[in-house]
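Undergrad: Pasting in a structure now, in structure tokens, and then I'll have a few things to ask.
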Amino acid sequence: MAFSAAAAAATSTATAFASGRHRRLSSSSAPSPSFSQSALPRAVVAARRRRRRAALPASRAAAFTVRAEAKTKKSVLIVNTNSGGHAIIGFYLAKELLAAGHAVTVLTAGDEASDKMRKPPFSRFEELTSAGGRTVWGDPADVGAAVGGGASSFDVVLDNNGKDLDAVRPVVDWAKSSGVGQFLFISSAGIYKPTDEPPHVEGDAVKESAGHVGVEKYIAEQQFGSWASFRPQYMIGSGNNKDCEEWFFDRIVRRRPVPVPGNGMQLTNISHVRDLSSMLALAVESPGAAAGKIFNCVSDRAVTLDGMARLCAAAAGVAVEIVHYDPAAVGVDAKKAFPFRNMHFYAEPRAAKEALGWVSTTNLPEDLKERYADYAGSGRGEKAMAFDLDDKILAAVGNATASVIA
Amino acid sequence: MAATASLKSSLLLPSPISDFSGAAVSVSAQKRRKSWQPRGARMQVSAAADSKNILVMGGTRFIGVFLSRLLVKEGHQVTLFTRGKAPITQQLPGESDAEYAEFSSKVQHLKGDRQDFDFVKTSLAAKSFDVVYDINGREAVEVEPIIDALPNLEQYIYCSSAGVYLKSDLLPHCENDAVDPKSRHKGKLETESLLTSRDVNWTSIRPVYIYGPLNYNPVEEWFFHRLKAGRPIPIPGAGNQITQLGHVKDLAKAFNVVLGNPKASQQIFNISGAKYVTFDGLARACAKAGGFPEPELVHYNPKDFDFGKKKAFPFRDQHFFASIEKATRELGWTPEFDLVGGLTDSYNLDFGRGTFRKAADFTTDDMILGKKLATV
């Protein structure tokens with residue numbers, strides 16, 4: 001296969017960077033627009049990252065093959081939640097694995113007829129089936145029944161559904177008894193104990209009482225051929241089931257101030273979901289390298305809360321007025337009034353870089369432009385919307401004294 | 001009590017070499033080599049092919065003190081270029097007399113003012129240094145005469161600063177990030193640009209806040225003074241600003257590991273601690289390091305005060321930290337000290353022994369605390 005000059009140069013750096021690590025193969029089919037990034041081989045991605053996150057070029061269809069090891073086709077089962085911020089992870093991973101030639105079944109918890117299935121990403125499952133993926137519905141407490149009996153055996157099972165042992169144990173037990181070689185779990189970076197010394201890195205103390213912690217321990221005890229746990233934070237990406245950047249756009253397009261709790265300097269990770277799916281896909285394709293590991297499933301840059309507001313405004317091409325407030329003093333629950341935790345919530349993906357040779361491609365300024373284009377086209381900006389909590393905050397704070405013009 | 005005492009200083013190198021001239025140096029060098037004779041094996045090492053003739057610009061105050069020791073231990077010939085105002089060498093706490101004698105007998109001194117560019121050029125041209133460590137360079141003009149004088153220089157290793165990074169909402173700072181041409185450290189940036197433009201093999205190290213025994217910048221010392229005095233720690237803003245400290249010994253190791261390293265050629269590396277820390281967290285870490293009880297933290301709005309020329313807090317009032325991932329990946333270097341461990345090392349070897357660089361000054365603290373009391 002012919003390499004472009006840039007790709008050839010990138011390959012050598014990617015080689016040094018990911019020595020011995022598995023390369024992802026890209027399919028020869030043109031990637032769909034929302035997955036154009038994930039279809040890019042990592043060699044090109046690494047080169048772009050070295051160009052200091054310049055705006056990603058439009059010609060994303062320039063796919064080529066980087067082949068470092070013989071590829072094994074895997075049969076992967078993704079047990080996916082039917083709602084919430086993590087729903088999109090299974091969707092992107094399924095698409096990425098299908099594009100790479102693997103066999104993918106997505107078992108969504110609950111009923112196919114449920115109202116929840118009308119929301120993205122579920123409303124876009126045709127993108128999975130048309131790519132050869134299988135989508136089923138059922139109760140994760142009985143995976144066997146849901147995926148159907150018979151000789152179908154999976155190489156890999158990913159639980160992207162349960163938050164505690166009650167929900168995940170049946171999936172783990174079924175996988176173990178079915179002889180599944182690799183078990184992956186979507187946990188949460190929320191289990192880290194607060195620290196004076198950010199970022200959260202793999203190995204740091206976690207809250208023992210957290211449901212995800214119990215699950216991670218249980219999985220580790222099962223002696224799968226390979227197991228790994230992934231701890232994500234916040235995500236953006238087309239098909240998201242939960243608002244993220246939309247919360248900011250809603251206010252910005254209506255020229256409303258953006259109320260941010262505290263002093264707005266709290267740092268958090270907001271990753272494009274393609275970073276998560278690329279990390280998971282690497283683990284699927286390199287089970288040995290991923291074995292027995294915890295991975296912070298986040299991009300490698302954090303953003304301040306004020307910074308997120310500013311970046312969203314820049315993506316929308318308008319100015320933003322940020323208003324800081326003390327939730328307690330104002331009398332609002334920060335969890336309801338603001339989409340992110342009111343504290344530093346900042347992890348780094350060190351294990352994935354070191355063990356998997358993974359590279360982050362989230363470019364928040366650029367990615368938010370794409371998200372804004374979707375938002376603008378959706379008509380959501382014109383809908384009548386109530387901002388009760390905002391109004392309460394602004395009234396309490398007194399707009400004039402506390403505003404920060406960004 | 002002990003005033004601004006520097007560490008216990010011991011005998012200096014005899015003055016024959018302090019007036020630099022070719023003859024004088026070779027005579028003294030020969031004298032020193034004679035005294036090395038009994039150490040047969042070591043003589044071999046210093047004559048080994050990979051032993052370099054190294055010039056350190058500075059090297060008597062903080063980073064260079066530790067770096068020069070590493071270089072001498074590795075068998076390199078080390079010359080420190082300083083004005084001679086401070087002792088050329090000083091015995092470190094915890095360093096045995098024998099170790100110190102070994103080191104001080106080997107390190108050489110080139111006395112001069114690096115601002116005297118003509119002198120720099122002529123004195124360096126007279127000697128063929130293989131490598132230059134520029135620890136105290138601030139402006140690009142200071143570097144030009146050095147490069148001009150040493151056309152066969154194998155490597156120019158420069159101590160830059162993470163202060164060159166442009167303030168950003170996206171963190172940590174990485175080596176390819178945008179830099180601020182207007183920052184206080186623009187001289188460092190201009191030096192890096194000069195090095196890039198000249199035909200010289202260069203490496204630039206960008207530390208964040210450096211700490212450790214002998215620190216002349218009151219970083220940890222600022223907290224230790226207050227902790228020792230049992231005073232509250234005044235912290236600007238919410239105290240959730242995130243900064244980063246790197247131990248000087250880890251920095252010295254990094255400077256050493258880039259020597260002759262092809263992976264460091266024309267490269268910039270952020271060098272600091274593996275983790276970052278909030279302002280509040282740093283106060284607590286210093287307390288742990290010195291065995292003090294958990295400190296009382298007092299937050300204030302800096303805009304409510306006019307401190308004049310005095311600095312009320314030793315860190316810039318913003319997030320400021322850089323990723324060391326490139327260095328760990330490319331150089332195989334990792335910091336040995338975690339924050340509390342490193343601060344303990346600093347405390348035990350410096351402040352805890354009664355030594356510090358800057359006397360305690362609680363003027364700004366009292367302004368802050370006074371106002372706090374008044375508003376209660």
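Undergrad: Report the local net charge at residue A:139: Lys and Arg +1, Asp and Glu -1, summed over other residues whose C-beta lies under 15 Å from its C-beta.
TA: Value of the local net charge: -4.
Undergrad: So if R0 is 56 Å, what FRET efficiency would residue B:229 and residue A:72 give, r being the distance between their Cβ atoms, rounded to the nearest 0.05? Display every interim value, and only then the final one.
TA: Details: r = 66 Å, r/R0 = 1.17.
In this case the efficiency is close to 0.30.
Undergrad: Moving to a separate point now. Report the extension gain between residue B:115 and residue B:139 in nm, rounded to one decimal, defined as 0.36 nm multiplied by the number of residues separating them, less their alpha carbon distance.
TA: Values: separation 24, 0.36 × 24 = 8.64 nm, distance 1.00 nm.
Using 0.36 nm per residue and subtracting the Cα-Cα distance, I get 7.6 nm.
Undergrad: Right, here's the next one. Give the calculated FRET efficiency between residue A:242 and residue A:209 to the nearest 0.05, with a Förster radius of 35 Å applied to their Cβ-Cβ distance.
TA: Details: r = 24 Å, r/R0 = 0.70.
Using R0 = 35 Å, I get an efficiency of 0.90.
Undergrad: What ³J(HN,Hα) values, in whole Hz, does the Karplus curve 6.51 cos²θ - 1.76 cosθ + 1.60 give for segment B:202-214 when θ = phi - 60°, with x put for Gly and Pro?
TA: 10, 9, 10, 10, 10, x, 9, 8, 9, 9, x, x, 5
Undergrad: From the cross-link list B:52/B:73; B:186/B:253; A:95/A:163; B:167/B:372, which pairs have alpha carbons spaced over 21 Å apart? Write out the running numbers ahead of the final one.
TA: Values: B:52/B:73 12 Å; B:186/B:253 26 Å; A:95/A:163 24 Å; B:167/B:372 31 Å.
Among B:52/B:73; B:186/B:253; A:95/A:163; B:167/B:372, the Cα-Cα distance tops 21 Å for B:186/B:253; A:95/A:163; B:167/B:372.
Undergrad: Hey, how many Å between the Cα centroid of segment B:225-299 and the Cα centroid of segment B:138-167?
TA: Cα centroid to Cα centroid, the span is 25 Å.
Undergrad: Report the local net charge at residue B:238: Lys and Arg +1, Asp and Glu -1, summed over other residues whose C-beta lies under 11 Å from its C-beta.
TA: Local net charge: -3.
Undergrad: Cut-off under 12 Å on the C-alpha distance; same-chain residues fewer than 8 positions from residue B:188 excluded. Which aspartates and glutamates are left, in chain and number order?
TA: Result set, ordered by chain and number: B:134, B:139, B:142, B:180.
Undergrad: Separate question: Hey, which of these cross-link pairs are over 29 Å Cα-Cα: A:74/A:207; B:228/B:249; A:335/A:369; B:311/B:371; A:207/B:326?
TA: With Cα atoms farther than 29 Å apart: A:74/A:207; A:207/B:326.
Undergrad: Working out 0.36 nm times the residue gap between residue A:136 and residue A:343, then minus their Cα-Cα distance, what length gain in nm do you get to one decimal?
TA: 70.7 nm
Undergrad: How are the alpha carbon pair distances in segment A:189-342 distributed across 10 Å bins from zero to the largest one, expressed in percent?
TA: 10, 32, 33, 17, 7, 1
Undergrad: Where a Cα-Cα gap under 17 Å defines reach, which lysines qualify for residue B:121, not counting those fewer than 8 residues away within the same chain?
TA: The reachable lysines, counting only those whose Cα sits under 17 Å from residue B:121, are B:111.
Undergrad: Further question on the same structure: Quick one: 3J(HN,Hα) in Hz for segment B:314-321, Karplus 6.51/-1.76/1.60 with θ = phi - 60°, rounded, Gly and Pro as x.
TA: With coefficients 6.51, -1.76 and 1.60, one gets x, 10, 5, 7, 5, 5, 7, 7 Hz.
Undergrad: Another one. For segment B:188-310, with only Lys/Arg (+1) and Asp/Glu (-1) charged at the beta-carbon, what is the dipole magnitude about the Cα centre, in debye rounded to 20? Working shown, then result.
TA: Working: 15 positive and 11 negative charges, 39 e Å.
Roughly 180 debye for segment B:188-310.
Undergrad: Where does chain B land at 222 nm, in deg cm²/dmol rounded to the nearest 500, when only DSSP H runs of n ≥ 4 count, each adding -39500 (n - 2.57), divided by all residues?
TA: -11000 deg cm²/dmol
Undergrad: Taking each residue in B:164-174, count the Cβ atoms of any other chain within 10 Å of its Cβ, then average. What number comes out?
TA: Partner-chain Cβ atoms within 10 Å, mean over residues of B:164-174: 5.
Undergrad: In addition: Hey, how many Å between the Cα centroid of segment A:339-364 and the Cα centroid of segment A:201-258?
TA: If you average the Cα positions of each part, the centres end up 11 Å apart.
Undergrad: Can you give the net charge of the other residues whose Cβ lies under 14 Å from the Cβ of residue A:168, counting K and R as +1 and D and E as -1?
TA: Result for the neighbourhood of residue A:168: -4.
Undergrad: Quantify how strongly other chains surround peptide B:269-279 by giving the mean number of their Cβ atoms within 10 Å of each of its Cβ atoms.
TA: 3
Undergrad: Further question on the same structure: Using 7 Å Cα-to-Cβ label points, what is the residue A:218/residue B:99 separation (nm, one decimal)?
TA: 5.3 nm
Undergrad: A follow-up question, please. Below 8 Å, C-alpha to C-alpha, sequence gap of six or more: please give me the relative contact order for segment A:75-398 in percent.
TA: Dividing the mean separation by the residue count of segment A:75-398 yields 18 percent.
Undergrad: While we're on this one: What FRET efficiency comes out for the pair residue B:311/residue A:176, r = Cβ-Cβ distance, R0 = 60 Å, nearest 0.05?
TA: Working: r = 61 Å, r/R0 = 1.01.
The formula returns an efficiency of 0.50 here.
Undergrad: Next question. Using amide H atoms built in the peptide plane, which far-off residues or other-chain residues are under 5 Å from residue A:134 H to H?
TA: Result for residue A:134 returns A:104, A:105, A:106.
Undergrad: Show me the chymotrypsin sites (Phe, Trp or Tyr not before Pro) within segment B:254-323 that DSSP assigns to loop and that have at most 16 other Cβ atoms within 10 Å of their Cβ.
TA: Counting only loop positions with at most 16 other Cβ atoms within 10 Å, the chymotrypsin sites (Phe, Trp or Tyr not before Pro) in segment B:254-323 are B:305, B:307.
Undergrad: Using Cα pairs closer than 8 Å and at least 6 residues apart in sequence, work out the relative contact order for chain B, in percent.
TA: 18 percent
Undergrad: Which whole number gives the average count of other chain Cβ atoms within 10 Å of the Cβ atoms across peptide A:343-353? Don't jump to the answer; show the numbers that get you there.
TA: Values: counts 1, 5, 0, 4, 0, 5, 0, 4, 0, 0, 3.
Going residue by residue through A:343-353 and averaging, the value is 2.
Where a number appears in this text, it was derived from the coordinates with a stated rule and is not lab data. If you're wondering where the values come from, they're calculated on a predicted model, not measured in any experiment. Because the Cβ atoms are built from the backbone with ideal geometry, glycine has one as well, and the counts that use them run over all protein chains shown.
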